[in-house]
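Working notes for the structure below.
The numbers here are math on the coordinates, done by the rules we state, and not lab data. Remember, it's a predicted structure, so these values are computed and weren't measured experimentally. Because the Cβ atoms are built from the backbone with ideal geometry, glycine has one as well, and the counts that use them run over all protein chains shown.
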Amino acid sequence: MQYRIEGQNLPVLLVHLEAGESIQCEGGAMAWMDDGIEMSTSAGGFGKALGRMFSREAMFMNNYTARTAGEIAFNSKFPGNIRAVEIKPGSALIVQKGSFLACTPGVSYEVYFQKRLGNMFFGGEGLIMEKFTGSGLVFLEIDGSAYEYELAAGQRKILDTGYLVAMTESCSMDVVTVKGVKNALFGGEGFFNTVVSGPGRIIVQSMPIASTAMVLYGFMPHGNS
């Protein structure tokens, strides 16, 4: 299977499938495809379908298989990036909800629940995240530009809540309060930060859709005109 990502800040994932090859995505992610590629839809069991719904993904998954060689395209739902991440056995990837676009066969998806109460209620990543295991590629939608960091053991990266896209399972995540009353009230950064500790790799995004929505909300007319 070959792929390329085009479109700059309005990206499209273009996948070339040889006969017999397949790729899986959430329902509604396919933009266009060649004749000879067939779709089959499956929930993968009630538990998995329910988990996908709570993680802001479609309940059903579509599997596209090429009967003859052809191309299939998947579009991003928001201006930003599409990033391909390799999944290896024994090295799971934890991803924020709503970022999954597509994956190759051999990659398994499950719901990942935050283990710490502070992360659940005060972290921008929320109670439920997504976990990918197995072997293959997973394609992620990223709001704005994507940046990757390799953290050494004990090295920490402090993020505003909502900026973390993904981390390897070897990383740990916690939510901490912003120090200083004036900093929290008047600093404009909110009351909480997300702290990710290594060892492992993280992917962060420059324009979380929730933050963008709040900025746009400020320009909308309110009340009676």
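Structure notes:
- Taking the average, over residues, of other Cβ atoms within 10 Å as the packing measure, peptides 203-210, 93-100, 27-34, 3-10 rank 93-100, 203-210, 27-34, 3-10 from highest down.
- Cα centroid separation, the range 142-167 to the range 87-115 (Å): 16
- Put simply, the amide H of residue 137, placed in the peptide plane, has neighbours under 5 Å in 87, 104, leaving out anything fewer than 5 places away on its chain.
- Compared with the alpha-carbon gap, the fully stretched path from residue 160 to residue 84 is longer by 25.0 nm at 0.36 nm per residue.
- Between residue 177 and residue 38, the modelled labels are 6.0 nm apart [label points 7 Å from Cα along Cα→Cβ].
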